[in-house]
Amino acid sequence: MPIFFLIVNIAHAGVITEATPITTILFQVLNFFLSIVGIVGILGLVVSGVMYITAVGDENRMRSAKNMAIGSAIGLVIAMSALILTRQIANFFS
């Protein structure tokens, strides 16, 4: 009797129609990671600005601050480009 009861319950389970599509989940995860990259890029710009201001004429610290600012700006451009690209792809598949 318990086996029959189990089979009947599985048969009456039906189809899941309210599940979130996998593309939506992947898009949300990717947006989250790109947001983290953007925050890290902005923090990199702030830290490089503080390093540059507090360099007090030290050429090595000024050079490293400039390199850090350039790297952070490049990272932000890449993150924004990836965000735009993923949104366009998501709109295409929607």
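Residue by residue, segment 34-50 carries 3J(HN,Hα) couplings of 5, 5, 4, 4, x, 5, 5, x, 5, 5, x, 5, 5, 5, 5, x, 5 Hz when phi is fed to the Karplus relation 6.51 cos²θ - 1.76 cosθ + 1.60 (θ = phi - 60°); x denotes Gly or Pro.
Each label point is 7 Å from the Cα along the Cα-to-Cβ direction; what then is the distance between the points at Ile36 and Val50, in nm? Output for this residue pair reads 2.2 nm. At q = 0.11, 0.12, 0.15, 0.28 Å⁻¹, work out log10 I(q)/I(0) for segment 24-93 with the Debye formula, treating every Cα as an identical point scatterer and leaving solvent out; two decimals please. Result of the Debye calculation: -0.37, -0.42, -0.56, -1.10.
The mean sequence separation of alpha-carbon pairs under 8 Å and at least six residues apart, normalised by the residue count of segment 24-93, gives a relative contact order of 41 percent.
Every number here is computed from the coordinates shown, using simple stated rules; none is lab data. If you're wondering where the values come from, they're calculated on a predicted model, not measured in any experiment. For neighbour counting, all protein chains shown are included, and Cβ atoms are generated from backbone atoms with ideal geometry for every residue, glycine included.
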